[in-house]
Amino acid sequence: MTADLLPDIEKVKQYLLKLQDNICQTLELVDGKGSFVEDNWQRELGGGGRSRVLTGGKFIEQGGVNFSHVFGGKLPASATAARPELEGRSFQAVGVSLVIHPHNPFVPTTHANVRFFIAEKLGEEPVWWFGGGFDLTPFYPFHEDIVHWHTVANKLCQPFGDNVYSEYKKWCDDYFYLKHRDETRGVGGLFFDDLNKHGFEKSFKFMQAVGNGFLDAYVPIVEKRKDITFGKKERDFQLYRRGRYVEFNLVYDRGTLFGLQTGGRTESILMSMPPLVRWEYCYEPEPESKEADLYANYLQPREWL
């Protein structure tokens with residue numbers, strides 16, 4: 001591998017820091033009330049991060065946009081179990097991850113992340129890849145919002161190949177599936193991992209397209225729905241459905257597991273959790289209700305475009 005083809009982690013890091021700034025600034029403007037509070041933290045085993053959390057906003061009940069750059073001499077079991085070729089390598093992982101939990105049940109919860117990983121060993125070529133994506137979790141879905149969300153996802157994928165959107169949409173549907181509930185967490189979006197087949201520069205450009213596309217996908221939905229009137233019934237249903245978010249993050253989410261196993265900052269890792277949530281034994285929505293519509297039409301993988 002020639003020097004000009006070597007991955008440039010500093011270049012990725014600078015992009016991600018600017019992305020975190022841009023997302024936070026834009027969401028503050030859309031919210032109109034709340035501000036992100038920043039915590040800088042250091043990881044004892046190497047690296048650290050910049051966590052930003054907004055609570056009590058006009059539309060954001062709680063949201064976090066986190067940057068992290070961690071490194072070390074040994075990978076955790078969660079990484080080497082699936083990829084034994086990483087055993088004995090040092091590593092660096094850099095990324096931005098966000099979760100937004102709106103107060104209004106008519107505004108969807110959303111999650112996004114973009115990341116870069118590299119594992120190195122003296123005398124051998126580095127192993128590296130990009131990953132990321134974004135997904136949407138509505139409680140009271142509007143079909144046109146979901147079409148918009150997937151239209152943005154499809155458009156940003158087009159310069160990279162005709163099948164990229166369909167491949168990464170399916171990957172998202174499969175990944176954010178709660179097997180014990182037999183339902184998706186939401187209406188999907190994009191998910192990709194292990195991306196290096198295009199070389200560093202083109203793979204990096206795709207990760208940037210995903211990171212930059214998030215606001216284009218999410219902000220118009222927020223603007224249309226954030227002032228819809230709601231009552232206790234809608235709020236209770238939102239809190240109940242938030243329980244699925246907790247279940248997924250604690251049972252299936254690979255990022256949560258990686259962060260905890262690598263000694264990351266627990267508060268930053270678990271900032272994805274909703275501030276309030278409720279469980280209800282054997283809940284069933286009323287027939288032909290808006291709540292029943294979610295279960296009947298939006299919690300299984302389907303084509304939106």
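General remarks:
- For residue 90, the residues whose modelled amide H falls within less than 5 Å of its own, excluding neighbours fewer than 5 places apart on the same chain, are 120.
- Per residue accessible area in Å² of region 1-146, where ligands, DNA and RNA are left out and the probe is 1.4 Å: 42 Å²
- Stokes-Einstein, applied to the Kirkwood radius of region 159-305 over Cα pairs at a viscosity of 0.890 mPa s and 25 °C, places its translational diffusion at 137 µm² s⁻¹.
- Protection proxy ranking for 16-25, 191-200, using the average of other Cβ atoms within 10 Å per residue and placing the highest first: 16-25, 191-200.
- Region 209-295, relative contact order [Cα under 8 Å, separation at least 6], %: 30 percent
- With all protein chains in place and a 1.4 Å probe, the accessible surface of the chain carries 53 percent carbon and sulfur.
- Computed over protein heavy atoms with a 1.4 angstrom probe, the accessible surface ordering of 171, 304, largest first, is 171, 304.
- Angle in degrees between helix 232-251 and the longest Cα principal axis of the chain, rounded to the nearest 10: 20 degrees
- Order of exposure, largest accessible area first, which applies to 53, 152 with probe 1.4 Å: 53, 152
- Centroid-to-centroid separation of region 38-106 and region 165-199 [C-alpha atoms, Å]: 19 Å
- When each of 18/232; 33/224; 13/202 is checked by Cα-Cα distance, pairs over 28 Å: 18/232
- Charge dipole (region 9-298, unit charges on Cβ, about Cα centre) - positive-most of 274, 214, 41: 41
- Reachable lysines, given that their alpha-carbon falls under 17 Å from the alpha-carbon of residue 121 and they are not under 8 places away in the same chain: 74
- Backbone N atoms of region 225-257 closer than 14 Å to the 7 Å Cα→Cβ label point of residue 181 belong to residues 237-253.
- With at most 11 other Cβ atoms within 10 Å, longest stretch of the chain clear of loop GluC sites (Glu not before Pro) (DSSP): 125-279
- Rounded to the nearest 500, the 222 nm mean residue ellipticity of the chain from helices alone is -12500 deg cm²/dmol, with -39,500 (n - 2.57) taken per DSSP H run of at least 4 residues.
- Taking all protein chains together and rolling a 1.4 Å probe, residue 190 ends up with roughly 0 Å² accessible.
- Positive dipole terminus of region 3-139, leading residue within 97, 72, 119 (C-beta point charges): 97
- Each Lys and Arg contributes +1 and each Asp and Glu -1, all at the Cβ; summed about the Cα centre of the chain, the dipole is approximately 440 debye.
- Among 266, 26, 109, the order of accessible area from largest down is 266, 26, 109, computed with a 1.4 Å probe on protein heavy atoms.
- Computed on region 9-298, with alpha-carbon pairs under 8 angstrom and 6+ residues apart, the relative contact order is 17 percent.
- Stokes-Einstein D for region 244-305, Kirkwood Rh over Cα pairs, 20 °C, 1.002 mPa s (µm²/s): 148 µm²/s
The values are calculated or read from the model by the stated rules, or taken from the named source; none is laboratory data. The shown structure was predicted, so the numbers you read here are calculated from the model rather than taken from an experiment. Cβ: placed from backbone, ideal geometry, glycine included. Neighbour counts: every protein chain shown. Heads up: the accessible areas ignore ligands, DNA and RNA and are worked out on the full protein's heavy atoms, side chains in. Shrake-Rupley method; radii C 1.70, N 1.55, O 1.52, S 1.80 Å.
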